[in-house]
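Input: a single structure, listed below in structure tokens.
Values in this text are rule-based calculations from the coordinates and carry no lab data. Because the structure is a prediction, the values reported are computed rather than measured. Note that each Cβ is placed from the backbone with ideal geometry, even for glycine, and that neighbours are counted across all protein chains shown.
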Ligand SMILES: C[S@@+](CC[C@H](N)C(=O)[O-])C[C@H]1O[C@@H](n2cnc3c(N)ncnc32)[C@H](O)[C@@H]1O
Ligand code: SF4
Ligand code: SF4
């Protein structure tokens, strides 16, 4: 670790500087079904019936409510978003409302037609998840053929020559089995002139069984090695050698997160800045906490819910650290916005 510096402390200090006001980003799982079989995820166990996907109409209504709330960006994920036959329509609905749009995908179903759509709608960022460049480990961890995923990443990287504002990232889920893959994946991203973002695996609210946790959670020796790898990533990020998108404080906290099995930032902003909606249209305070309400019924009003007493109580709980704790890149890797009013804001 970096000598004389407590990464967790500097990280939480950074989290004190957050905006008040409307939420900024909505993380929406627009489908639960998936064609992969990642060990750390349960979405692939969802019924394969497309009729059970959130309907385009309902999603459009939710987009409209997000707009009313003041949300600026939507991050569309799943499940596997590219399994939706009407993805084109869903993206157009979000685009029409003027959201910045990001998509997260396992990459296997991205076709040239999608690239055209991504260009046409000016999608801001596409993230493709990959945990290793080794065929064996990709199969073991994600149940996917690595070349199907690298083909999508390389096609997207290539599309940037015609659509320079498109940002392409690889998302790497850090676990016991891919510690030695973390540096090669960053080098791979560098070679393609895209970026890489690391997310430690987590288990709160996933309902995963104990033996999977044992398989994927680093033990003390793994964590020591992970510490060395993180040091290398930090150094090569600092010198500009590797295109790593995580904040240094976030990276530096990963070994401690695994060691302590959780992380409690001094101040987590999630329930102020992010609207989180899962693939069954449950509104959640964050990915690690139970749902507040299901939004599938047409009479639910997201704006009312966001300002409800229940959400205010949840915000109070989070402020007082009554939450599982996590090291979630989406909530804890926010750009620095120097507006420290949140500390004084009522829940
Ligand atoms: C849930 S997936 C949905 C989008 C798409 N299917 C994919 O895999 O990119 C979004 C991201 O969450 C990551 N993820 C899934 N389960 C996780 C877990 N238990 N802990 C940490 N990250 C996880 C995935 O690896 C992926 O990068
Ligand atoms: S590809 Fe994404 S949604 Fe599918 S099982 Fe893996 S992490 Fe879950
Ligand atoms: S568990 Fe939820 S509320 Fe707690 S730190 Fe993580 S994102 Fe924030």
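Here are a few things to note about the model shown:
- Rounded, prolate or oblate (a/c below 1.5 giving rounded, otherwise prolate when a/b exceeds b/c) for segment 137-176 by Cα gyration tensor: oblate
- DSSP beta bridges confined to the chain are antiparallel in about 10 percent of cases.
- Rg to Rh, two decimals, where segment 72-189 supplies the alpha carbon set and Rh follows Kirkwood: 0.98
- Length-normalised contact order of segment 22-332 in % [C-alpha pairs under 8 Å, at least 6 apart]: 19
- Projected onto planes of every orientation and averaged, the convex hull of the alpha-carbon atoms in segment 238-327 covers 7.6 nm².
- Segment 96-126 and segment 182-249: distance between their alpha carbon centers, rounded to Å: 25
- Relative contact order [Cα under 8 Å, 6+ residues apart], segment 26-176, whole percent: 23
- Mean residue ellipticity (222 nm) of the chain, computed from DSSP H runs ≥ 4 via -39,500 (n - 2.57), nearest 500: -11500 deg cm²/dmol
- 288, 105, 165 arranged by Cβ crowding within 10 Å, fewest neighbours leading: 165, 288, 105
- At 1.567 mPa s and 4 °C, Stokes diffusion of the chain via Kirkwood alpha-carbon radius, µm² per second: 63
- Shape call, segment 172-303: gyration tensor on alpha carbons, a/c limit 1.5: prolate
- Neighbour counting of Cβ atoms within 10 Å sorts the residues 311, 28, fewest neighbours leading, into 311, 28.
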